[in-house]
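Q: Have a look at the structure that comes next, please.
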Amino acid sequence: MVETFARIVVVVPTYNERENLPVLVGLLADLGLPNLHVLVVDDNSPDGTGEVADKLATESSGFVGVLHRKDKDGLGRAYVAGITRALDEGADVVIQMDADLSHPVAVIPTMLDTLRTGDAAVVIGSRYVRGGSTAAEWAWYRKLLSTWANHYVNAILRLGVKDATAGFKAWRASALRAIDLPSIHSNGYSFQVEMNHRTVKRGLRIVEVPIRFEERAEGASKMSLAVQIESALTPWKLRFGRRVG
């Protein structure tokens, strides 16, 4: 019997994404998937993204919800807040997705079908499995850094995941509860690594499906030196059982 999901929530953290957010919400609506909802988690964007999100929510008849946070304290904290809200509101599946249009909306049905028909706890939209790719616009050194980062994480943690730093994921609610999401302290991109590490440590299955990762459409990357340093240190802290953050 194929599993059905009563409530699917796409959690989208935003900071200065006023141009991209309406496009993303439109693409998600166009999927026509029953029981799909969007939760925008805005970190008090100075460009007015929060107001744009509120307008979308008002016009969407319940398709879009908004969680406003007062401070910008990292991607990980935004995801914890958003996913917690989604679970509290009865989500069966939670999808993590960037607002910058780098993640292909069209792959979501495949991710959901993979959850429905198998025993995966989480499905990752992966750049590094067969059929996946990174943006053609990426410079060679950026591709090299991304590839090296995944090899680095796997060499330390033995996750067996080709795209361990990916941020496009579809989770079963039961898996999110099993990994004790509120106690995750890493932030930035290392948040994704810690979630994968906890999943593997609990014996849960991760499945990867291929995506083409696109360059962001508008705005600037949020990658900072502090995020890069944290991302380098987190795998070692996880390896030796030290508290992250």
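The values are calculated or read from the model by the stated rules, or taken from the named source; none is laboratory data. Since this is a predicted model, take the numbers as computed values, not measurements. When we count neighbours, we look across all protein chains shown, and the Cβ atoms used for this are built from the backbone with ideal geometry, even at glycine. Remember, those area values only see protein heavy atoms, side chains included, never the ligands or the DNA or RNA. Shrake-Rupley method; radii C 1.70, N 1.55, O 1.52, S 1.80 Å.
Q: Under 26 Å from I124 (Cα atoms), of a type outside the set (A, V, I, L, M) and surrounded by 13 or more Cβ atoms within 10 Å (Cβ to Cβ) - does that describe any residue in the range 27-35?
A: yes
Q: Answer with yes or no whether D54 is closer than 20 Å to F168 by Cβ, open to solvent by 20 Å² or more (accessible area, probe 1.4 Å), over 19 Å from the mean Cα position of the chain (by Cα) and modelled with pLDDT of 95 or more. Lay out the reasoning, then the answer.
A: Values: closer than 20 Å to F168 by Cβ: no; open to solvent by 20 Å² or more (accessible area, probe 1.4 Å): yes; over 19 Å from the mean Cα position of the chain (by Cα): yes; modelled with pLDDT of 95 or more: yes.
Against the criterion (closer than 20 Å to F168 by Cβ, open to solvent by 20 Å² or more (accessible area, probe 1.4 Å), over 19 Å from the mean Cα position of the chain (by Cα) and modelled with pLDDT of 95 or more), D54 does not qualify.
Q: Also, quick follow-up: Being open to solvent by 40 Å² or more (accessible area, probe 1.4 Å) and at pLDDT 90 or above narrows it down to one of K143, K162, so name that one.
A: Selected residue: K162, the only one of K143, K162 that is open to solvent by 40 Å² or more (accessible area, probe 1.4 Å) and at pLDDT 90 or above.
Q: In the range 75-96, which residues are assigned to a loop (DSSP other than H, G, I, E, B) and either under 21 Å from I124 (Cβ atoms) or in contact with a His (Cβ under 7 Å, 6 or more places away or on another chain) (or both)?
A: A91, D92
Q: Scan the range 19-42 and give yes if some residue there is modelled with pLDDT of 95 or more and closer than 22 Å to I179 by Cα, otherwise no.
A: yes
Q: Does any residue of the range 223-235 turn out to be polar (S, T, N, Q), in a loop (DSSP other than H, G, I, E, B) and at pLDDT below 75?
A: Yes: one or more hits.
Q: Now, a different point. Give me the pairs: first residue in the range 30-52 and over 18 Å from K72 (Cβ atoms), second residue of a type in the set (K, R) and surrounded by fewer than 20 Cβ atoms within 10 Å (Cβ to Cβ), beta-carbon distance under 8 Å, and six or more apart or on different chains, which are they?
A: As it stands, the answer is N35/R7; H37/R7, since those pairs meet every condition given.
Q: Restricting attention to the range 117-140, and to residues there that are farther than 30 Å from E89 by Cα and of a type in the set (S, T, Y), which single residue is surrounded by the most Cβ atoms within 10 Å (Cβ to Cβ)?
A: Only one residue fits best here, namely Y128.
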